[in-house]
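**Q** Please see the structure below; I have some questions.
Just so you know, all these numbers are worked out from the coordinates, no wet-lab data involved. Only a predicted model underlies this, so the values are computations on that prediction, with no experimental measurement involved. In this analysis, Cβ positions are derived from the backbone assuming ideal geometry, glycine residues included, and neighbour counts consider all displayed protein chains.
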Amino acid sequence: MQTIPNAVEEVIKKKPFLEGALVEGLINLSALARELKPEIEKRVGREVNDSAVIMALNRLVPRLELVSTMKFKRVVENMGDIIVRSNLVDYAFVNSPTLYDRQAVLLETVRKTQDLFCTFSQGIYETTLVVSRSIAGDVDRIFAQEQRIARTGDLSSITVKLPSENTVCPGVYYYIFKELAWDSINIAEVISTTNEFTVVVSDEDIHRAFTILMNAKRQSVL
């Protein structure tokens, strides 16, 4: 059977937003202990009292703060350029046998156009296109026979270059997206490659999102 501290740590680490709130000091530990006690008792195989859980939480929080700070600092301080693009349109289509051909036609149509944003993201059942508004008419025409799920305009994107170690550092995206989530910024799309990611947000949120990421980067080097 587990010890109370080990059980508490495992439970907290499976709840990332709860972990973040603990690090920020936003949670009443007595209330949290009462909430967690049934699950802790199940893990340790016996009854426990609130004070034992509170003590385990008190000992855990400093370690969470240290790990959280080190992870976030290591990744964020090594972030590369942050690039903002505006005037984007987001499309979603149901996957079909002809969708690949339509994508090829679109790429051939716009391949000589400079300063263009055009990306495809294919899921199991649907494909997303995020394109510059200047070629939205081409998308409407070329994909007219495809089953469109959604079309959303008035979007902007932020692309962030990540350090190469991001692929072996658990929680990289969580620590970045948490900053955006805490400010109630809705992410319309996420596009990622090995060492960079792009978030697509509404035009009205782009300034706040950019400011949050820039502030996080500045603070990490202080």
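**Q** Hey, got a sec? Which GluC sites (Glu not before Pro) in the range 1-63 land in a DSSP loop and have at most 15 other Cβ atoms within 10 Å?
**A** Listed in order of number, the matching sites are 24, 47.
**Q** For a paramagnetic label modelled at 7 Å from the Cα of residue 95 toward its Cβ, which residues of the range 107-124 fall within the zone defined by backbone nitrogen distances under 11 Å?
**A** 122-124
**Q** Please give the FRET efficiency for residue 50 paired with residue 215, using the beta carbon to beta carbon distance and R0 = 30 Å, rounded to the nearest 0.05.
**A** Once the sixth-power term is evaluated, E becomes 0.20.
**Q** Could you list the square roots of 5 times each eigenvalue of the Cα gyration tensor of the range 4-69, that is, the equivalent ellipsoid semi-axes, sorted largest first and rounded to whole Å?
**A** Square roots of five times the eigenvalues give 19, 12, 10 Å.
**Q** Let me ask something else. Step through the residues of the range 138-146 one at a time and calculate ³J(HN,Hα) from phi using the Karplus curve (6.51 cos²θ - 1.76 cosθ + 1.60, θ = phi - 60°), rounding each to whole Hz and writing x for Gly and Pro.
**A** For the range 138-146, the Karplus curve yields 5, 5, 4, 6, 5, 9, 4, 8, 8 Hz.
**Q** Would you pull out the residues with amide H under 5 Å of residue 192's amide H, same chain only if 5 or more places away, H placed 1.01 Å from N?
**A** Amide H neighbours of residue 192: 198.
**Q** Something else: Are any of the pairs 14/37; 13/42; 112/161; 37/178; 14/161 more than 22 Å apart by Cα-Cα distance, and if so, which? Kindly include the intermediate steps, with their values, before the conclusion.
**A** Details: 14/37 15 Å; 13/42 17 Å; 112/161 25 Å; 37/178 27 Å; 14/161 28 Å.
Beyond 22 Å between Cα atoms: 112/161; 37/178; 14/161.
**Q** Same structure again: How much length is gained if the chain between residue 21 and residue 184 is pulled fully straight, taking 0.36 nm per residue apart and subtracting their Cα-Cα distance, in nm to one decimal?
**A** 57.2 nm
**Q** With θ taken as phi - 60° and the coefficients 6.51, -1.76 and 1.60, list the Karplus ³J(HN,Hα) couplings across the range 82-96 in order, rounded to whole Hz; mark glycine and proline as x.
**A** 10, 10, 10, 10, 10, 6, 10, 10, 10, 10, 10, 10, 5, 4, 8
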